[in-house]
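Nothing in this text is a laboratory measurement; each read-out follows from the coordinates by a stated rule. Computed from a prediction, not measured in an experiment: that's the story for all the values here. Counting neighbours? That spans all protein chains shown, and the Cβs are built from the backbone with ideal geometry, glycine included.
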Amino acid sequence: MKSWVEIVGGILLVLVGAVWTLQGLGYLAGSSMTGVALWAVIGPVVAVGGLYLVTLGVRGLRAR
């Protein structure tokens, strides 16, 4: 069960990180985050953290 939570949470973090990156780079308009370089830096960091969680979850499923 814990592995699935890590996988789903990781996927959500990857998606949020991608959106934040695109907003920070100015590709997604309509937000106060649009064009702010800080979000272009925070987004990939969050996405990498999400990938790490997905990796942990998949390894947990394989170990069973």
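If we scan the stretch 1-21, do we find a residue that is β-branched (V, I, T), in contact with a Ser or Thr (Cβ under 8 Å, 6 or more places away or on another chain) and touching a residue at least 24 places away in the same chain (Cβ under 8 Å)?
No; the residues of the stretch 1-21 include none that is β-branched (V, I, T), in contact with a Ser or Thr (Cβ under 8 Å, 6 or more places away or on another chain) and touching a residue at least 24 places away in the same chain (Cβ under 8 Å).
I'd like the full set of residues that are exposed (fewer than 14 other Cβ atoms within 10 Å of the Cβ) and assigned to a loop (DSSP other than H, G, I, E, B), limited to the stretch 27-41.
Of all residues in the stretch 27-41, those exposed (fewer than 14 other Cβ atoms within 10 Å of the Cβ) come to 27, 29-32, 37-38, 41.
Within the stretch 27-41, Y27, A29, G30, S31, S32 meet the criteria.
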